[in-house]
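Each remark here refers to the structure printed beneath this line.
The values are calculated or read from the model by the stated rules, or taken from the named source; none is laboratory data. Keep in mind that what you see is a predicted model, and the values were worked out from it rather than measured. Note that each Cβ is placed from the backbone with ideal geometry, even for glycine, and that neighbours are counted across all protein chains shown.
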Amino acid sequence: MNPAPIGSCSVRDRLLDAAATMTGGQGSANLTLDAVAAAAGVSKGGLLYHFPSKDALLAAMIDRHVDRIEERCVQLRATLPGSTDCAELKAWVLSVLQPDPATRDTGAGLFAAAANNPALLDCVRKRYADRVAQMAGSSGNFALAASIMLAVDGLVLAEIWRMSPFSDGQRAAIVDQLLRLADQAFGPGVAPEKQE
């Protein structure tokens, strides 16, 4: 494995990039701090300065993974027509389901690590709860919007676990259908549902 070029980005980013590459290729169980430091061209002390433990490194990787999805969501939302709530949901669907084998492989490794330490997903739980609360307070059909989110989750998990039987064409049709359902959830004349 070639180390990241020195000076190409911050030391912290080089370490996260090296860890992501290793996690995507061999999973988090075989990830060691020594190997990450070597791959990033950083001393182990330099790694420990940024990440005092393997769990701290994994938590930062998960945060960055989720941050990148959120950044894609913000960028996509600005390009989508429709109500703010509808565009928000569509942008989230597209940003989460954006085909990216490297991200999917890294995500698989990170979620495997979280199975051994569920606290690693605390940031994901909070962001997910915030998104659900935002939807619950929106002007659309909450049950339909939540069903879309759950369908996205199911597709992502099936792909992470390499269980998805869908061809690229079938997957694209599913994504298109989810976007049409988002239009229905926030279309004209949709009355907001009362939440208990």
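Any residue at all in segment 19-27 that is in contact with a Gly (Cβ under 8 Å, 6 or more places away or on another chain), assigned by TED's automatic domain parsing to the domain that holds LEU179 and at pLDDT below 90?
No; the residues of segment 19-27 include none that is in contact with a Gly (Cβ under 8 Å, 6 or more places away or on another chain), assigned by TED's automatic domain parsing to the domain that holds LEU179 and at pLDDT below 90.
Can you list residue pairs whose Cβ atoms sit under 7 Å apart, with the first residue in segment 22-42 being over 12 Å from LEU58 (Cβ atoms) and the second being modelled with pLDDT under 80 and in a loop (DSSP other than H, G, I, E, B)? Count only pairs 6 or more apart in sequence or on different chains.
ALA39/MET1; ALA39/PRO3; ALA40/PRO3; ALA40/ALA4; GLY41/PRO3; GLY41/ALA4; GLY41/ILE6
Given VAL96, VAL74, which one is of a type in the set (A, V, I, L, M), touching a helix residue (DSSP H, G or I) at 6+ places or on another chain (Cβ under 6 Å), under 24 Å from ASP153 (Cα atoms) and at pLDDT 90 or above? Break it down into steps so the answer makes sense when it comes.
Numbers: VAL74 fails: touching a helix residue (DSSP H, G or I) at 6+ places or on another chain (Cβ under 6 Å).
Answer to the selection: VAL96.
Could you please find all residues in segment 129-150 being under 15 Å from the mean Cα position of the chain (by Cα) and either within 20 Å of VAL175 (Cβ to Cβ) or not assigned by TED's automatic domain parsing to the domain that holds ALA114 (or both)?
Of everything in segment 129-150, those that are under 15 Å from the mean Cα position of the chain (by Cα) and either within 20 Å of VAL175 (Cβ to Cβ) or not assigned by TED's automatic domain parsing to the domain that holds ALA114 (or both) turn out to be ARG131, MET149, LEU150.
Could you list, in sequence order, all residues of segment 126-178 that are of a type in the set (A, V, I, L, M), loosely packed, with under 11 Cβ neighbours inside 10 Å and closer than 17 Å to SER95 by Cα?
The answer is LEU150, and nothing else.
Would you mind finding the one in THR79, THR84 that is surrounded by fewer than 16 Cβ atoms within 10 Å (Cβ to Cβ), assigned by TED's automatic domain parsing to the domain that holds SER164 and modelled with pLDDT of 90 or more?
THR79
Kindly provide the set of residues from segment 43-99 that are aromatic (Phe, Trp, Tyr), more than 22 Å from PHE142 (Cα to Cα) and within 18 Å of the chain's Cα centre (by Cα), ordered by number.
none
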